[in-house]
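**Q** Structure provided below as structure tokens; questions to follow.
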Amino acid sequence: MRSAAINSGFLLLGALFAARLALAGSEALTNDEQVTGLFLQSCMAYQGNAEGLRKWADGSRLHPLPDKVQDRFLNGLPGVVYDASNEPGKLVVVSNDDGTCSVVTEEADPGAVVSALERDLRDAGITFQKVSEKQDPLENALTHRIYDITHGDRTWSILVSTAGGEHGGQAMLTTSR
């Protein structure tokens, strides 16, 4: 019963994202908004539920990437990587067998991704608190932000890793228990 109530709450996330798409009209969503919207619809909605996420991905017509490409995202861990690319940019959903989930994009404005994510969480009524933000000790261009999330009686963490650079940036948003 608890799971059904939480999943229905995340259906609201999908509805909010769909409404944002409709309101955008002739203005397409930016890739920053696309990555956060996809993250809410996939990783957040199915947090810890790899089987449910994969059923959603199949139903959303996301296709697994070729094995050699999946290996680059999975780093030796078991899972499935889906291509979710669209007009604004390349996006992937990484579904690890342990329920960890990430959305990755190769083109993002780090500040815009963080702003879009925090706005989307507020709009969905999800309680969040940034607990840390620091530069990666091995890669100065990489920043990691950790958020604690509470929705209903569930709590978990989000890791938002962004990298800026001369030619734009990249982002990876990850849920974990």
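The values are calculated or read from the model by the stated rules, or taken from the named source; none is laboratory data. Bear in mind that the values here come from a model prediction, so they are computed numbers and not experimental data. Heads up: the accessible areas ignore ligands, DNA and RNA and are worked out on the full protein's heavy atoms, side chains in. Shrake-Rupley method; radii C 1.70, N 1.55, O 1.52, S 1.80 Å.
**Q** What percentages make up the Cα-Cα pair-distance distribution of segment 71-177 when the bins are 5 Å wide from 0?
**A** Percent of Cα pairs in each bin: 2, 11, 19, 23, 22, 16, 5, 1, 0.
**Q** Can you work out ³J(HN,Hα) from phi for every residue in segment 150-159, in order, using Karplus 6.51 cos²θ - 1.76 cosθ + 1.60 and θ = phi - 60°, giving whole Hz and x for Gly and Pro?
**A** 10, 9, x, 9, 9, 9, 6, 10, 10, 10
**Q** Whole-Hz Karplus ³J(HN,Hα) for segment 110-116, in order, using 6.51 cos²θ - 1.76 cosθ + 1.60 and θ = phi - 60°, x for Gly and Pro?
**A** For segment 110-116, the Karplus curve yields x, x, 5, 5, 4, 4, 5 Hz.
**Q** Could you tell me the largest-minus-smallest coordinate of the C-alpha atoms of segment 26-116 on each of the three principal axes, in descending order and whole angstroms?
**A** 37, 26, 24
**Q** Keeping every protein chain present and rolling a 1.4 Å probe, give me the accessible area per residue for segment 98-139 in Å².
**A** 55 Å²
**Q** Considering only protein heavy atoms and a 1.4 Å probe, what is the carbon-and-sulfur percentage of the accessible area of segment 27-105?
**A** 48 percent
**Q** For segment 64-132, just run the numbers: alpha carbon Rg, then divide by 2.2 N^0.38 Å, N being how many residues it has.
**A** In units of the globular-protein estimate, segment 64-132 measures up at 1.29.
**Q** Can you list the HN-Hα couplings for segment 96-108, worked out from phi with the Karplus curve (6.51, -1.76, 1.60; θ = phi - 60°), rounded to whole Hz and with x for Gly and Pro?
**A** Coupling constants for segment 96-108: 7, 4, 7, x, 5, 9, 9, 10, 10, 9, 8, 10, 7 Hz.
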